[in-house]
Amino acid sequence: NRHAVEDAIFRVALLEMFDRLCDKWSLLVIYTLNKTESQKLRFKQLQGEIPDISQKMLTATLRTLEEDGYITRTVYPEIPPRVEYALTDLCRSLIPHINALLLWALEHKEKIIKNRKKARQSKEEEL
């Protein structure tokens with residue numbers, strides 16, 4: 001039964017990792033940092049590039065990504081303090097997979113939207 005326990009532990013760890021990485025904002029932050037030529041952005045630059053994200057949510061998302069090793073946070077001892085965020089090598093190794101997921105989503109977007117509409121209409125007809 002050791003294998004069942006190991007499988008359960010692995011699934012919990014995997015789900016936790018996906019939960020943190022695939023929340024509403026994390027992939028968008030990673031995408032935004034990746035598309036910049038300078039490879040690093042300041043907080044306000046990031047906030048300006050991501051529509052509708054609050055300061056509180058961006059702060060929380062950046063903290064989570066930093067804790068997991070996807071981004072670095074560099075503080076420069078200046079007045080006012082300058083803080084820059086950049087992708088780590090770990091995160092850069094994830095970029096091709098994120099891009100593949102984005103391409104898949106774009107390729108199937110119309111079908112997914114059609115399926116959603118069909119499901120909503122079925123639910124409305126049941127009522």
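The values are calculated or read from the model by the stated rules, or taken from the named source; none is laboratory data. Worth saying up front: this structure is predicted, and the values here are computed from it rather than measured. Please note: Cβ atoms are built from the backbone with ideal geometry, for glycine as well, and neighbour counts cover all protein chains shown. Ligands, DNA and RNA are excluded from the accessible area calculation, which covers all protein heavy atoms including side chains. Shrake-Rupley method; radii C 1.70, N 1.55, O 1.52, S 1.80 Å.
Key figures
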quantity	calculated
Any hit, segment 115-127, residues being within 21 Å of Leu15 (Cα to Cα) and open to solvent by 70 Å² or more (accessible area, probe 1.4 Å)	no
Test: Lys24 is surrounded by fewer than 10 Cβ atoms within 10 Å (Cβ to Cβ), out of contact with any Cys (no Cβ under 8 Å at 6 or more places or on another chain) and among the basic types (Lys, Arg)	no
Contacts under 9 angstrom Cβ, first residue in segment 67-92 being within 11 Å of Gln39 (Cα to Cα) and at pLDDT below 95, partner in a loop (DSSP other than H, G, I, E, B) and open to solvent by less than 60 Å² (accessible area, probe 1.4 Å), 6 or more apart	none
Complete set of residues in segment 93-103 that are more than 20 Å from Glu37 (Cα to Cα) and either open to solvent by less than 60 Å² (accessible area, probe 1.4 Å) or of a type in the set (Asp, Glu) (or both)	Ala100
Residue match in segment 50-63 (condition: polar (S, T, N, Q), exposed (fewer than 10 other Cβ atoms within 10 Å of the Cβ) and either over 27 Å from Ala100 (Cβ atoms) or modelled with pLDDT under 95 (or both))	no
Segment 77-86, residues that are more than 12 Å from Leu62 (Cβ to Cβ) and either surrounded by 11 or more Cβ atoms within 10 Å (Cβ to Cβ) or touching a His at 6+ places or on another chain (Cβ under 6 Å) (or both)	Arg82
